[in-house]
1. Here is a list: N364, N354. Which entry is buried (at least 21 other Cβ atoms within 10 Å of the Cβ) and assigned to a loop (DSSP other than H, G, I, E, B)?
2. Taking region 20-42, which residues are open to solvent by 50 Å² or more (accessible area, probe 1.4 Å) and in a strand (DSSP E or B)?
3. Within region 34-63, can you find the residues that are in contact (Cβ under 8 Å) with a residue 24 or more places away in the chain and farther than 18 Å from L400 by Cβ?
4. Has region 50-63 got at least one residue that is open to solvent by less than 40 Å² (accessible area, probe 1.4 Å), of a type in the set (F, W, Y) and modelled with pLDDT of 95 or more?
5. For region 64-78, enumerate the residues that are over 17 Å from M372 (Cα atoms) and open to solvent by less than 30 Å² (accessible area, probe 1.4 Å).
6. Collect the residues in region 188-215 that are in a loop (DSSP other than H, G, I, E, B) and either among the β-branched types (V, I, T) or open to solvent by less than 30 Å² (accessible area, probe 1.4 Å) (or both), keeping them in residue-number order.
7. Quick one: in region 273-282, of everything that is open to solvent by less than 10 Å² (accessible area, probe 1.4 Å) and closer than 30 Å to L144 by Cα, which residue is nearest to the chain's Cα centre (by Cα)?
8. Please name all residue pairs, on different chains or six or more residues apart, with Cβ atoms under 9 Å, provided the first residue is in region 309-333 and is closer than 30 Å to G361 by Cβ and without any contact (Cβ under 8 Å) to a residue 12 or more places away in the chain and the second residue is of a type outside the set (S, T, N, Q) and surrounded by 14 or more Cβ atoms within 10 Å (Cβ to Cβ).
Amino acid sequence: MKRFLMIVALLAFCVMPTLVHAEAGYDGGFFMQNDEKTFKLKMGGRVQTKVFWERNPVNDPKDRISFQLRRALLGMSATIHEIGHVGFALMHATSTVGETQFQTVQVVGATAAIDIIPEFTVEVGMVGLPLDLMGNTSSKWFLLNEAPITSRQVDGGELVDATTGQIVQSPSRPEFGAPAGLGLRMYGGYWKWFYDVGIVNATEDDYTINNNKRFSFGMRTGVNILGAVPGSMTDFACSTTPQLTISIGSDYQNRKAPETFDQTIGGITLTENLQVDYQWTSSLGVALRWAGFAFTTEGYYRWTKWRQIPTFFIEQRRKLTDIGYYAAAGYYIIPKKFEIAAQAGQVIRQGPDNDAWQFGGGLNYYIFGNNMKLQLDYTFTTDYDDIFGTTNNHKHMLALMASAIF
C-alpha cells in the first residue's frame, strides 16, 4: 500500500507543472485543469456504512444485529487533450450480509481509453464484459441498499443427503451479472443507437492473466427511444421530458478451470472434477425515467454446457438453463429529497433445490443531494439451496445505510 501511495504522489508531482496556472472546482468530484484545458484531473470517492438486522434460519445464531462497512472507495481519473482517459479506484467492500468479500484494499476499474472519433472509443485494462443495464449502473445510485437478486444470488455449492452421504444438488452456477476481467472494450453510438463490445481473458479475473488461448466475449446494444437513461436506478434529476431505453446483451464465457469435489462413503474418498465447457447468457431490459419516476426491468436467459460432471452428482445433464428477472421502481414524493422504492426479482435454475426469489421496499432521504443520504429498506428472500430437500430458507433483512459521496 505504501508503494502504491508513493507512485500516486510521484504521478502528481509529474503533472503539477502542467497545472501551475490551473482551474479547480467541483463537478461530481473535485477537479483541476490547466488553462489550455488539455489536462484535467478528477478525484472522487464514497463511504457507505450501515446497520442491519437479519433473520436467517440457517445461520447460528439465527438473528443478528450488526454494523457493516459496505463500501469505501477513492477514485482518480484524468482526461488528456479531451480524447484520452485514464482512471482507477481503491476499493474495500464486504458482501451483502457482512462476511468479508476481500481482506485488503484493492485496485479496481483501472483502465485507459481513447476516443478515436466521438462515436467510437477503445478502452483497455480492467474492463469486464458488457451485458445489461445493471452492469452500467453505479452502486451509489441504487434504489435499495443492494442490487436486485439477479445480480447477487449464487447457487450455493453442494448439498449432502445425511442418510446416503450423496451430493444431490445440480452443478452450481453464478449470478447473472457480467463477468469481470482484463481485456479490451469498444463502445459508442450514433443518434439514438448505442453499442458496447468486449473481450477478456477466459480466467475472468482482474488480476490473473491467461495460461491458455481462450477468451470470453460480450456485447450490448440498444436504442434510446425518448432520450438516454443514465447509469442510475433513480430519476434524481426529475426529468422534465421522458427518457426511455431498450437494451439487449449477450455474453459467451469460455471454459473455466475445474472445481474439485471429494465424496467420502464407507471410509473411501473419491475425488472428481466439475468443469464448465461454456456459458451463454443473454439479457433484455427496459428503463424509463420521467418526472421523478424511475422504472427498470430486465430478463435473463443462460445456457450452461458442462464438460465434466462428478459421477456422484444426481444431476448429470450436460446442458442446463437458467432464467432470471427483476423489476425496480422509485418515485420522489418530494423532488430530490424523499423517495419511495420497491424492488423484486426471481432466479429459476434448472435442477433440484436451487431457485430463489426476493422482494423489498425502502425509503430514501437525500440530505445534500446524492452527496449525503440515508436509505432504509426491508427485503424478504426465499432461497432453496440453503436447506436439503424441497424446504426453503426464508431470510429477513432490515437495513439502514448512510452514504457520503463526493
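1. N354
2. If the condition is that a residue be open to solvent by 50 Å² or more (accessible area, probe 1.4 Å) and in a strand (DSSP E or B), then E23, A24, Y26, F30, M32, K40, K42 are the ones that fit.
3. Across region 34-63, the qualifying residues are K37, T38, F39, K40, L41, K42, M43, G44, G45, N56, P57, V58.
4. Checked against the condition, which is being open to solvent by less than 40 Å² (accessible area, probe 1.4 Å), of a type in the set (F, W, Y) and modelled with pLDDT of 95 or more, region 50-63 yields at least one hit.
5. Selection gives Q68, G75, A78.
6. A202, T203, T208, I209
7. T281
8. Taking only residues 6 or more apart or on different chains, the pairs are I333/G292; I333/E339; I333/I340.
The values are calculated or read from the model by the stated rules, or taken from the named source; none is laboratory data. Quick caveat, the model's predicted, so the values are computed rather than measured. We place every Cβ from the backbone using ideal geometry, glycine too, and count neighbours over all the protein chains shown. Ligands, DNA and RNA are stripped out before the accessible areas are found, and what is left, the full protein with its side chains, is counted by its heavy atoms. Shrake-Rupley method; radii C 1.70, N 1.55, O 1.52, S 1.80 Å.
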